[in-house]
Amino acid sequence: GAGVSQSPSNKVTEKGKDVELRCDPISGHTALYWYRQSLGQGLEFLIYFQGNSAPDKSGLPSDRFSAERTGGSVSTLTIQRTQQEDSAVYLCASNPRLAGEETQYFGPGTRLLVL
Amino acid sequence: AQSVTQLGSHVSVSEGALVLLRCNYSSSVPPYLFWYVQYPNQGLQLLLKYTSAATLVKGINGFEAEFKKSETSFHLTKPSAHMRDAAEYFCAVSSQAGTALIFGKGTTLSVSS
């Protein structure tokens, strides 16, 4: 079946602009995660959605970052007033949260460059 | 708090040689441990995982890893490297099934002919 998809694949923006990154999880997966991959910091957890529960936002680096998940499916990560240090690859993953299924399935990522 | 340390940011081997990528973890609870591989400009692909069943875990592409609680290690091995194994490898830990993963810094594997 279809895997996790992310759009756009690449995004170039100017410092100070807002950007939205989209993630379509695997159909039926109730858990959705955002991670950031940058040269200096490696792979960092950002936010985690599980069903209708309140999201775990503990990894968001600042209040410029927010995310929502509509209808328990598609998620959008928004970065307001982008800074050059936001340049990174943003990865989305999903998981069915079934007993015995611990694997997170990753999308190809969105490569963000802030000029 | 959990953490993962991958020893060696870059490992180089010859084709046909043994591959050994090291991972040590810190966790206050029995961990779930994972190895992911990332090929250039692609997302992460699961190689194998440990979830408290057998301590020797076999994964895809001939890789395997052994969970050693006494050493808090989960090293990744492959008996004979192929050129196509050249990629970046990440070790990760989580405290509960489905919760956020904590990743190591990654190890880039180069394979020469």
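The values are calculated or read from the model by the stated rules, or taken from the named source; none is laboratory data. No experiment lies behind these values; they were computed from the predicted model shown. Cβ sites come from the backbone with ideal geometry, for glycine too, and all protein chains shown count toward neighbours. For the accessible areas, the whole protein counts, side chains as well, though only heavy atoms, and no ligand, DNA or RNA atoms are used. Shrake-Rupley method; radii C 1.70, N 1.55, O 1.52, S 1.80 Å.
Can you tell me which residue among A:28, A:59, A:16 is open to solvent by less than 50 Å² (accessible area, probe 1.4 Å), on the phi > 0 side of the Ramachandran plot and in a loop (DSSP other than H, G, I, E, B)? Reasoning before the result, please.
On the way: A:28 fails: open to solvent by less than 50 Å² (accessible area, probe 1.4 Å); A:59 fails: on the phi > 0 side of the Ramachandran plot.
Going through A:28, A:59, A:16 in turn, the sole match is A:16.
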Practice problem: Select from the stretch B:38-64 the residues that are open to solvent by 70 Å² or more (accessible area, probe 1.4 Å) and part of a loop (DSSP other than H, G, I, E, B) and write down the one among them that is nearest to residue B:82 (Cα to Cα). | Solution: B:40
Quiz item: Just checking, which of A:50, A:41 is farther than 15 Å from residue B:98 by Cα and open to solvent by 20 Å² or more (accessible area, probe 1.4 Å)?
Solution: A:41
Exercise. For the stretch A:80-115, enumerate the residues that are open to solvent by 20 Å² or more (accessible area, probe 1.4 Å), in a loop (DSSP other than H, G, I, E, B), within 14 Å of chain B (Cβ to nearest Cβ) and closer than 20 Å to residue B:41 by Cβ.
Key: A:108
Quiz item: Looking at residue B:89, is it open to solvent by 20 Å² or more (accessible area, probe 1.4 Å) and aromatic (Phe, Trp, Tyr)?
Solution: no
Quiz prompt | Subset of the stretch A:67-79 (residues that are surrounded by 15 or more Cβ atoms within 10 Å (Cβ to Cβ), polar (S, T, N, Q) and modelled with pLDDT of 95 or more) | solution = A:75
Self-check item: Cross-chain or 6+ apart pairs with Cβ under 6 Å, the stretch A:44-59 first and farther than 13 Å from residue A:70 by Cα, then modelled with pLDDT of 90 or more and open to solvent by 70 Å² or more (accessible area, probe 1.4 Å)
Solution: A:47/A:57
Exercise. Please enumerate the residues belonging to the stretch B:1-26 that are surrounded by 14 or more Cβ atoms within 10 Å (Cβ to Cβ) and within 14 Å of chain A (Cβ to nearest Cβ).
Key: B:2, B:4, B:5, B:6, B:23
Quiz item: Do we have any residue at all in the stretch B:32-53 that's modelled with pLDDT under 95 and more than 12 Å from every other protein chain (Cβ to nearest Cβ)?
Solution: no
Quiz item: Got at least one residue in the stretch A:48-58 being under 30 Å from residue B:48 (Cβ atoms), at pLDDT 95 or above and among the hydrophobic types (A, V, I, L, M, F, W, C)?
Solution: no
Self-check item: Condition broken by residue A:3, with the remaining ones in (1) away from chain B (no Cβ under 11 Å); (2) open to solvent by less than 50 Å² (accessible area, probe 1.4 Å); (3) outside any strand (DSSP E or B) satisfied
Solution: (1)
